[in-house]
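What follows is a single structure, written as structure tokens, with notes after it.
The values are calculated or read from the model by the stated rules, or taken from the named source; none is laboratory data. Computed from a predicted model, the values in this text were never measured in an experiment. Note that each Cβ is placed from the backbone with ideal geometry, even for glycine, and that neighbours are counted across all protein chains shown.
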Amino acid sequence: MVGAGQAGLSAAYFLARDGLRPGTDFVVLDHSPAPGGAWQFRWPSLTYGKAHRVHDLPGLPLEDGDPGRPSAEVVGAYFARYEETFGLRVRRPVDVTAVREGEGGRLRVESDAGVWATRALLNATGTWDRPFLPYYPGQETFQGRQLHTAGYRGAAGFAGQRVVVVGGGTSAVQLLIELAEVARTTWVTRRPPVFQDRPFSEDWGRSAVAQVDRRVREGLPPQSVVSVTGLAATEAVREAQARGILRRQPMFERITPHGVAWADGREVEADVILWATGFRAALDHLAPLRLREPGGGVRMDGTRVVRDPRIHLLGYGPSASTIGANRAGRTAVRDVRRLLAGVRDAPPPEPVAVAAQAG
């Protein structure tokens, strides 16, 4: 297994529950320095109370999470306790550099900690290692500071500055609300944001996941679930709207040395451009297997890669939420058990590789 975030730990739990021995019948490789997946890299001001709900991992509830404590600490401690409780023996830090076709129908998993041969690969590498930075004309001329949300550590470093926040997701909204206390902000998005006042329901969630699932079944790059559901109009969001913090501007045409400019000649000066433009799936290590379709994505059937049924992508597309990751882990393990049963008469298997990058 590659990945020890929510999806990776969920899959490891179900493998162990089905009788496979951690470290012997399967291995979990994690790129991160400590338990917590991508959560351990979140900015300190993102407290547990402000974060999206973290659903319980199977078999061990997350109880008594302090809403005022940084989410990185709460989730990191929870994941560490989970690994210890179920004896998952996660190996870290291990950087998986490539997965190739091996001998005897196995996959060859190459890393800086050695090489594994495996009959199945559960890939739960998430997105944190691949922040997406779009290009706009003049970007290289900007004399201020540019950073992605992956590098954001809190509002204090922006005091008194003019900040252009680019992006229409939840992170952009959270950062705008935080930065508005110390800086002058401008919010820019490609599309008008849609705020949803209605409470989240299971039917609504299933409908959103189904839309994301359709794309990956067609081999297209996945959308985020938030892009389908819209943004939650929480009390903090409504207060920010009333204060004028969330007044959105259309996407600028170019970047100037001192700010951004639109086609109609309007310009906004900026000291910082903060790109809250999301992430892409961290799948570069799978490139030797040529899994991508002409549409740019990986065609999926549930969690299974259509081009190579030995490989499952967890936390990809419709399973990119914490609750979706749990379900994906259970589904993938069921398929892997069927796969292994089909080669029962073959030589003794090498460990199933359950490896992970950050996330």
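Numerical summary
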read-out	value
Enumeration of residues in the range 12-33 that are touching a helix residue (DSSP H, G or I) at 6+ places or on another chain (Cβ under 6 Å) and closer than 18 Å to residue 96 by Cα	26, 28
Count of the range 109-150 residues which are surrounded by fewer than 13 Cβ atoms within 10 Å (Cβ to Cβ) and of a type outside the set (A, V, I, L, M)	8
Residue pairs meeting the criteria (Cβ under 7 Å; at least 6 apart or on separate chains; first aliphatic (A, V, I, L, M), in the range 48-68; second exposed (fewer than 14 other Cβ atoms within 10 Å of the Cβ))	60/85
Close pairs (8 angstrom Cβ cut-off, 6 or more residues apart or separate chains): part of a helix (DSSP H, G or I) in the range 203-230, modelled with pLDDT of 75 or more and acidic (Asp, Glu) anywhere	217/301
Filter pass, residue 237 being more than 30 Å from residue 122 (Cβ to Cβ), at pLDDT below 95 and either among the small types (Gly, Ala, Ser) or assigned to a helix (DSSP H, G or I) (or both)	yes
Qualifying position, being within 26 Å of residue 112 (Cβ to Cβ) and touching a Leu at 6+ places or on another chain (Cβ under 7 Å), among 54, 75, 2, 27	2
Leading residue by the ranking (surrounded by the fewest Cβ atoms within 10 Å (Cβ to Cβ)) among those in the range 244-260 that are aliphatic (A, V, I, L, M) and assigned to a strand (DSSP E or B)	255
Unmet requirement for residue 353, which otherwise passes all of (1) part of a helix (DSSP H, G or I); (2) of a type in the set (Gly, Ala, Ser); (3) over 25 Å from residue 131 (Cα atoms); (4) modelled with pLDDT under 90	(1)
Test: residue in the range 114-128 that is assigned to a loop (DSSP other than H, G, I, E, B), farther than 24 Å from residue 337 by Cα and at pLDDT 95 or above	no
Matching option when the condition is surrounded by fewer than 17 Cβ atoms within 10 Å (Cβ to Cβ) and within 12 Å of the chain's Cα centre (by Cα), among 290, 307, 280	280
Residue in the range 87-104 that is closer than 25 Å to residue 16 by Cβ, outside any loop (DSSP other than H, G, I, E, B) and touching a Pro at 6+ places or on another chain (Cβ under 9 Å) present	yes
Selection within the range 39-81 - part of a helix (DSSP H, G or I), touching a helix residue (DSSP H, G or I) at 6+ places or on another chain (Cβ under 6 Å) and more than 17 Å from residue 178 (Cβ to Cβ)	39, 40, 75, 76
Complete set of residues in the range 42-57 that are surrounded by 18 or more Cβ atoms within 10 Å (Cβ to Cβ) and more than 23 Å from residue 237 (Cα to Cα)	57
Criterion: modelled with pLDDT of 95 or more, among the polar types (S, T, N, Q) and farther than 23 Å from residue 311 by Cα - qualifying residue of 85, 97	85
Complete set of residues in the range 287-307 that are out of contact with any Lys or Arg (no Cβ under 9 Å at 6 or more places or on another chain) and under 19 Å from residue 96 (Cα atoms)	287
